Amino acid sequence: MPDRGGGPTGPRIRVGRPSRRVRTLLMTLGVLAVLAMLFVMFAGFWTDWLWYRSLHYSSVFSTTLKTKIGLFAVFGALMAVAVGLNIWLAHRLRPPLSAMSLEQQSLDRYRMGIAPFKKWVLLAVTALVGLIAGASAAGQWRIWLLWVNGVPFGQKDPQFHKDVAFYAFDLPWYRFLLSFGFAATVLSLIAAAVVHYLYGGLRITSPGARATGAATGHLSVLMGVFVALKAVAYWLDRYALAVKSSDFKATDNWTGLRYVDAQAYLPAKTILFCIAAICAVLFFATLWRRTWQLPVIGFGLMVLSAVLIGGLYPAIVQKFQVQPNEQAKEAPYIKKNIDATRKAYGIGDSEVADYSGRTDDKGGAKGAKLRQVADSTASYRLIDPSVVSPTFQQLEQKRKYYQFPSTLDVDRYKGPDGKDQDTVVGVRELNLDGVPKRNWINDHFTYTHGYGVVAAKGTNPDPQADQEGAPAFTEAGLPTKGRLPTYRQQVYYGEKTDQYSIVGGPQKELDYEDDGEKTTSYRGKSGVSLSNPVNRAAYALAFGEPQILYSGAIGEGSRILYNRTPKERVEKVAPWLTIDGDAYPAVVDGRIKWIVDAYTTTNGYPYASRTTLGDSTADSLSDGDRSVVAQQNKVNYIRNSVKATVDAYDGSVDLYEWDRKDPVLKTWEKAFPGTVKPKSEISGELMEHLRYPQDLFKVQRELLTRYHVTDPKQFYSGSDAWQVPDDPTQREEGNAVPPYYLSMKMPGQQDQTFSLTTTFTPSGRPNLGAFMSVDADANSKDYGTIRLLKVTSDVPGPQQVQSKLNGNAEVAEFVRNLRGTDSDIEYGNLLTVPLNGGFLYIEPVYARGGSANYPLLKKVGVSYNGKEPVFKDTLGEALDAVFGASSGDGGEKPPSGDDGEEKPPSSSNPTLQQALKDADKAWEAGQKALQESPQDWEAYGRAQDDLKDALDRAAKAQEKAGKNQQPDDGKQNEPKSQSAGSKGG
């Protein structure tokens with residue numbers, strides 16, 4: 001054995017091979033490491049398979065997996081073969097060593113270094129490019145499935161007269177194939193050039209020929225393939241113009257051809273296709289001519305043509321033909337864009353009507369009639385689901401480890417009279433932060449589920465029943481009881497349930513019955529069994545929790561529940577759908593069902609302008625529980641094609657076909673047969689709770705800000721553009737007002753319909769521009785019908801109405817009184833309802849703080865016909881004051897002025913007259929203080945004190961005058977309904 005170091009007298013160190021025992025240990029450790037890595041990979045695959053199988057959607061998993069594996073294998077192999085074949089061919093065509101130049105002989109050391117490993121180098125390079133290409137291709141599984149299963153739309157584009165399916169399903173796949181071909185050709189060209197250089201086929205500095213004939217032919221063919229692919233790209237680019245996005249002043253995210261595209265780019269692409277095809281032939285001809293002269297000339301001509309024909313010529317057309325008369329030139333193309341956009345987003349059949357927005361019917365008999373009409377026009381929902389969650393939490397949480405979402409939902413349930421009643425509902429879900437003692441057992445075994453649905457009337461609570469202003473609960477308690485049908489109350493799956501739980505085993509769970517707290521054990525069929533040690537090991541690894549592997553709390557019957565939010569479950573079982581941001585609960589067939597709206601989309605609808613879903617669906621509630629759909633997904637076609645449900649107890653997912661005409665849905669149903677149930681299987685009870693989805697409505701209203709205009713010239717000018725107003729109840733600007741669910745009837749409708757509503761203001765203006773509603777009741781024959789009322793008068797918009805309410809004297813006094821109790825005001829949803837030619841605004845006002853630190857409904861603000869809002873204790877009182885009549889009164893009321901505001905009674909009493917003048921002055925002083933920047937609250941407070949003093953003096957003077965004027969029959973005159981100083985509220 002050789003030795004090293006040490007002199008004649010120094011120590012000698014023996015160095016030799018490791019012992020057999022050490023080698024065996026190292027090999028064992030290596031094998032274990034490889035097995036561990038394989039098991040980590042296996043664990044993710046195995047747990048996914050088990051989860052899909054537990055939901056009976058294993059076909060989704062297998063179809064997706066097979067498609068990815070197939071694409072990976074085919075395109076990975078194609079790339080490896082293409083690159084490997086060209087490397088082999090370049091090596092095969094190398095010149096003999098004797099013919100090599102001095103430059104090439106200097107590379108001998110590199111060739112000699114590679115020679116012993118050239119097969120391994122070839123294998124490594126081809127394997128690497130194959131893996132990268134295969135992984136990239138596997139990510140295109142959706143494009144492949146759409147192409148191979150594509151169903152015709154039955155609609156053709158106006159330019160090339162091809163079915164829309166060509167752009168939505170075929171063109172994306174062709175472009176992927178083209179990009180793959182470019183990548184394979186470029187990599188092959190680079191690899192072949194390197195090998196030719198290493199082995200003498202190419203020379204850089206040596207005198208004489210720069211390349212051998214074999215190298216010239218080989219590289220020319222590859223260049224010819226590249227140029228041929230470029231010719232195909234030019235041909236496909238012609239069709240891509242129909243789905244091309246561009247900047248255009250007429251609208252953001254313009255899609256489709258414009259004048260310059262049709263008159264310049266389209267012929268340019270055709271010419272460039274012909275030039276590229278000729279150039280490719282010239283490159284292929286070098287196999288016989290063995291010279292690059294003609295191909296290089298052709299390639300240079302192609303590049304020059306691309307600059308001149310494809311770039312300069314369109315710029316000239318745009319500058320000298322389009323810009324001088326752009327509106328007229330672009331009009332036909334704008335019309336195509338309008339028609340396609342309205343069709344692609346389902347807004348083409350919107351019913352549009354002019355609407356005055358103002359009416360003179362106020363006061364007297366007309367006012368009394370209008371007051372009665374107001375009662376039947378809508379069920380005014382005063383309980384705002386985005387405000388009252390803390391109230392639900394305070395009154396119905398019952399235990400600290402339960403919670404309600406920050407934004408509740410609006411649904412319909414039968415009232416005492418058997419009619420549908422707008423109802424605010426919330427599910428009492430689990431909140432682990434409230435568990436008294438946090439540990440692994442409590443978090444995942446004991447506290448496993450929420451409990452029950454709490455519901456309240458959406459309309460005005462009965463003031464006799466609850467003087468505090470709390471919601472009138474129709475289902476409450478723990479367990480809950482009330483008007484809802486009997487149902488299973490345990491909530492194992494919900495919007496807030498994002499942790500895993502292990503149930504059904506030896507460890508019992510916390511539960512409730514009528515007599516209080518008890519324990520239970522899950523008896524549902526959901527989740528994955530942990531009885532198998534392989535499953536336990538896989539989940540211990542997947543969740544990074546080794547206790548799953550050895551804990552005694554897991555035994556026979558134990559099942560693990562995870563992926564428990566409704567949106568997450570639907571997304572996984574139908575990865576081809578886009579999910580609405582708001583899943584909502586309903587009591588259906590004795591169970592709590594989460595209803596999830598799902599959309600089919602594409603960004604390949606010709607001429608239809610694109611929209612970013614994340615931007616279009618954002619509003620003032622988006623930062624809460626309602627996350628917006630598909631944050632930055634750009635689409636130009638959307639349909640609510642699927643209604644999904646998730647059972648809150650067993651987590652089962654059902655997908656129901658909703659839009660049976662949608663070709664995108666039909667295509668996905670061919671790809672994943674049997675996953676979507678027919679619409680006929682939706683039960684009658686479930687149908688009663690289905691509604692028009694909010695996110696689709698928000699996308700449509702965003703498009704309708706411009707696309708309600710169908711005249712190209714008016715569209716181009718933008719003179720009638722709208723905007724979605726900011727939420728007037730929010731202090732922060734830039735948050736769009738959310739749409740509101742409300743049972744109401746639009747002009748021309750006979751009965752109230754559950755609707756989704758919103759308002760528009762003219763672009764850059766605060767007044768009301770239009771009102772939009774859609775029939776949201778799935779049982780309605782007009783479900784999905786969009787109705788637009790274009791306001792033709794100058795009507796205050798939501799921000800203006802809110803500003804007037806903020807400046808109301810009674811509101812100011814209410815706020816001032818609240819501050820004395822350490823409370824604050826909180827505005828609810830500002831509802832807008834068309835009524836008898838005008839608009840009725842209704843806004844609930846809550847007080848929060850003091851002894852009850854949660855919102856309680858205290859006041860209602862109402863405005864009609866653009867006049868000064870009133871501020872009363874109940875909705876009935878507010879409507880009486882607005883219309884000058886009670887709902888059951890048909891008699892005359894005090895006269896109104898020309899402007900619709902009721903005037904104080906005239907009197908010759910100088911004391912009363914002076915008091916009224918002082919009240920007017922104080923009112924004006926208060927308004928002036930509010931208009932200051934910044935607002936002068938001190939001056940406003942003094943003005944309010946003066947106003948109160950003046951009103952008190954006026955009331956005393958009027959009372960004294962009334963006592964001195966008795967009728968001859970001895971009966972006192974009927975009191976006036978309006979006190980003096982009505983301007984002050």
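Filter region 482-494 for residues that are touching a residue at least 40 places away in the same chain (Cβ under 8 Å) and either farther than 22 Å from Lys593 by Cβ or touching a strand residue (DSSP E or B) at 6+ places or on another chain (Cβ under 7 Å) (or both) and give the result. Even if it seems obvious, please write down each step before you answer.
As a first pass, look at region 482-494 and keep what is touching a residue at least 40 places away in the same chain (Cβ under 8 Å): 483-494.
Matches in region 482-494: Arg483, Leu484, Pro485, Tyr487, Arg488, Gln489, Gln490, Val491, Tyr492, Tyr493, Gly494.
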* If you scan region 264-297, which residues turn out to be crowded, with 18+ Cβ neighbours inside 10 Å, part of a helix (DSSP H, G or I) and either at pLDDT below 80 or polar (S, T, N, Q) (or both)? -> Thr286, Pro295
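Among Leu613, Leu621, which is aliphatic (A, V, I, L, M), at pLDDT below 90 and under 28 Å from Tyr333 (Cβ atoms)?
Numbers: Leu621 fails: under 28 Å from Tyr333 (Cβ atoms).
Result: Leu613 is the single residue among Leu613, Leu621 that is aliphatic (A, V, I, L, M), at pLDDT below 90 and under 28 Å from Tyr333 (Cβ atoms).
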* To do: Could you tell me whether Asp751 is of a type outside the set (S, T, N, Q), more than 30 Å from Pro585 (Cα to Cα) and either assigned to a helix (DSSP H, G or I) or not assigned by TED's automatic domain parsing to the domain that holds Leu146 (or both)?
  => no
* Structure fact -> Exactly one of Asp237, Asp247, Asp252, Asp261 is assigned by TED's automatic domain parsing to the domain that holds Leu301, closer than 19 Å to Thr185 by Cβ, under 34 Å from the mean Cα position of the chain (by Cα) and not β-branched (Val, Ile, Thr), and that one is Asp237
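When region 371-388 is examined, which residues are found to be of a type in the set (Ser, Thr, Tyr), in contact with a strand residue (DSSP E or B) (Cβ under 6 Å, 6 or more places away or on another chain) and more than 15 Å from Gly838 (Cα to Cα)? Lay out the reasoning, then the answer.
Start the filter on region 371-388 by keeping residues that are of a type in the set (Ser, Thr, Tyr), which leaves 376-377, 379-380, 386.
Cutting the leftovers down to in contact with a strand residue (DSSP E or B) (Cβ under 6 Å, 6 or more places away or on another chain) gives us 377, 379-380.
The answer is Ser379, Tyr380.
Out of Asp711, Asp695, report the one residue that is among the acidic types (Asp, Glu) and surrounded by 21 or more Cβ atoms within 10 Å (Cβ to Cβ).
On the way: Asp711 fails: surrounded by 21 or more Cβ atoms within 10 Å (Cβ to Cβ).
After ruling out the rest, the residue left standing is Asp695.
Determine whether region 242-250 contains at least one residue that is more than 28 Å from Pro712 (Cα to Cα), outside any helix (DSSP H, G or I) and without any contact (Cβ under 8 Å) to a residue 12 or more places away in the chain.
From region 242-250, those more than 28 Å from Pro712 (Cα to Cα) are none; that's our starting set.
Within region 242-250, none of the residues are more than 28 Å from Pro712 (Cα to Cα), outside any helix (DSSP H, G or I) and without any contact (Cβ under 8 Å) to a residue 12 or more places away in the chain.
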* Asked: Inside region 484-495, can you point out the residues that are in a loop (DSSP other than H, G, I, E, B), surrounded by 14 or more Cβ atoms within 10 Å (Cβ to Cβ) and in contact with a Gly (Cβ under 8 Å, 6 or more places away or on another chain)?
  -> Tyr487, Arg488, Gln489, Tyr492, Tyr493, Gly494
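Which ones in region 583-609 are charged (D, E, K, R) and buried (at least 24 other Cβ atoms within 10 Å of the Cβ)?
Kept after step one, since they are charged (D, E, K, R), are these residues of region 583-609: 589, 591, 593, 597.
If the condition is that a residue be charged (D, E, K, R) and buried (at least 24 other Cβ atoms within 10 Å of the Cβ), then Lys593, Asp597 are the ones that fit.
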* Hey, Thr255 hits all of (1) in contact with a strand residue (DSSP E or B) (Cβ under 6 Å, 6 or more places away or on another chain); (2) within 30 Å of Ala215 (Cβ to Cβ) but one; which does it fall short on? -> (2)
* **Residue match in region 368-381 (condition: modelled with pLDDT under 90 and closer than 21 Å to Gln159 by Cβ)** => no
* Restrict the check to region 643-653 and report whether at least one residue is farther than 23 Å from Leu742 by Cβ, modelled with pLDDT of 95 or more, polar (S, T, N, Q) and part of a strand (DSSP E or B). => yes
* Structure fact -> For region 800-820, pairs from a residue that is of a type in the set (Ser, Thr, Tyr) to a residue that is not in a helix (DSSP H, G or I), with Cβ under 9 Å and 6 or more apart or across chains, are Ser803/Pro728; Ser803/Pro766; Ser803/Pro796
* Of all residues in region 814-843 being out of contact with any Gly (no Cβ under 8 Å at 6 or more places or on another chain) and among the charged types (D, E, K, R), which is farthest from Lys369 (Cα to Cα)? -> Arg819
* What is the one condition in (1) among the hydrophobic types (A, V, I, L, M, F, W, C); (2) within 31 Å of the chain's Cα centre (by Cα); (3) part of a helix (DSSP H, G or I) that Ile441 does not satisfy? -> (2)
* In region 701-717, which residues are outside any helix (DSSP H, G or I) and either more than 17 Å from Thr761 (Cα to Cα) or in contact with a strand residue (DSSP E or B) (Cβ under 7 Å, 6 or more places away or on another chain) (or both)? -> His708, Thr710, Asp711
* Just give me the residues in region 509-535 being touching a Leu at 6+ places or on another chain (Cβ under 6 Å) and β-branched (Val, Ile, Thr), in sequence order. => Val528
* To do: Please report, ordered by residue number, the helices (runs of 4 or more DSSP H) entirely within region 517-620 with at least 1 residues that are in contact (Cβ under 8 Å) with a residue 60 or more places away in the chain, in contact with a Gly (Cβ under 8 Å, 6 or more places away or on another chain) and under 24 Å from Asp411 (Cβ atoms).
  => 566-573
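The values are calculated or read from the model by the stated rules, or taken from the named source; none is laboratory data. These numbers were taken from a predicted model, which means no experiment stands behind them. Positions of Cβ are backbone-derived with ideal geometry, glycine not excepted, and every protein chain shown enters the neighbour counts.
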